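Colleague: What follows is a structure written as structure tokens; I'll ask about it next.
The values are calculated or read from the model by the stated rules, or taken from the named source; none is laboratory data. Predicted, not measured: the structure shown is a model, and the values here were computed from it. Here Cβ is always computed from backbone atoms with ideal geometry, including for glycine, and neighbour counts include all displayed protein chains.
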Amino acid sequence: MSTYRKPKKSDITKWLIFIGIYVATITLTSFLLLGAYWYVWFVLVAGGLFILVLWHKKSTAHHCPVCGDEFEITCLTNLFSPHGVTKEDDGWTYLKCPQCKNRAKMKILVKENKKNHTTHN
Ligand SMILES: [Zn+2]
């Protein structure tokens, strides 16, 4: 069971830090690996991007301003959808709503997974 909430400043900071680490890593390793080990670097870039998109997908949901539906999207949709931030610091993704089929700037919500460390055996 998970709940959705509005992203806070700290969430946006966290996203930016993650993206920053990724960009810094590929930039630094490009000096070491580009050349003889270009394929290692390529795997690093692709793998890192995959992890970022997967993590972003796992931690976010979208809110439709037209019908109020809250939904999650696939990694691929996420990767190829335009993203932006409003003046009010709200993140959005331009998507088609699965409920009302309208295309709009869907407000990004943070998915909060209820901590569940107990195993059910
Ligand atoms: Zn909708």
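Colleague: When the residues of the range 73-95 are filtered to those that are β-branched (V, I, T) and touching a His at 6+ places or on another chain (Cβ under 9 Å), which remaining residue is nearest to W15 (Cα to Cα)?
Modeller: The first filter runs over the range 73-95 and keeps only residues β-branched (V, I, T), leaving 73-74, 77, 85-86, 93.
Next, only the ones that are touching a His at 6+ places or on another chain (Cβ under 9 Å) stay: 73, 93.
On the way: I73: 18, T93: 15 Å.
The qualifying residue nearest to W15 (Cα to Cα) is T93.
Colleague: Take V85 and tell me if it is away from the ligand (no atom under 14 Å from the Cβ), over 18 Å from Y4 (Cα atoms), among the aliphatic types (A, V, I, L, M) and over 11 Å from the mean Cα position of the chain (by Cα). Talk me through it step by step, then tell me what you get.
Modeller: Working: away from the ligand (no atom under 14 Å from the Cβ): yes; over 18 Å from Y4 (Cα atoms): yes; among the aliphatic types (A, V, I, L, M): yes; over 11 Å from the mean Cα position of the chain (by Cα): yes.
When the stated conditions are applied, V85 passes them.
Colleague: On to the next question. Based on what the data block shows, is A46 more than 16 Å from the ligand (Cβ to nearest atom), assigned to a loop (DSSP other than H, G, I, E, B) and modelled with pLDDT of 85 or more?
Modeller: Numbers: more than 16 Å from the ligand (Cβ to nearest atom): yes; assigned to a loop (DSSP other than H, G, I, E, B): no; modelled with pLDDT of 85 or more: yes.
So A46 fails the test.
Colleague: Among the residues of the range 95-108, which ones are of a type outside the set (G, A, S) and within 13 Å of the ligand (Cβ to nearest atom)? Show your work before the answer.
Modeller: If we filter the range 95-108 for residues that are of a type outside the set (G, A, S), which is where we start, we get 95-103, 105-108.
Those that are of a type outside the set (G, A, S) and within 13 Å of the ligand (Cβ to nearest atom): L95, K96, C97, P98, Q99, C100, K101, N102, R103, K105, M106, K107.
Colleague: Could you tell me whether any residue of the range 64-80 is surrounded by 12 or more Cβ atoms within 10 Å (Cβ to Cβ), of a type in the set (F, W, Y), modelled with pLDDT under 95 and over 15 Å from M106 (Cα atoms)?
Modeller: no
Colleague: Regarding the range 55-72, can at least one residue be identified that is in a helix (DSSP H, G or I), over 22 Å from K8 (Cβ atoms), within 18 Å of the chain's Cα centre (by Cα) and without any contact (Cβ under 8 Å) to a residue 60 or more places away in the chain?
Modeller: Let us first name the residues in the range 55-72 that are in a helix (DSSP H, G or I), namely 55-59.
Subset that is over 22 Å from K8 (Cβ atoms): none.
The answer is no; no qualifying residue exists.
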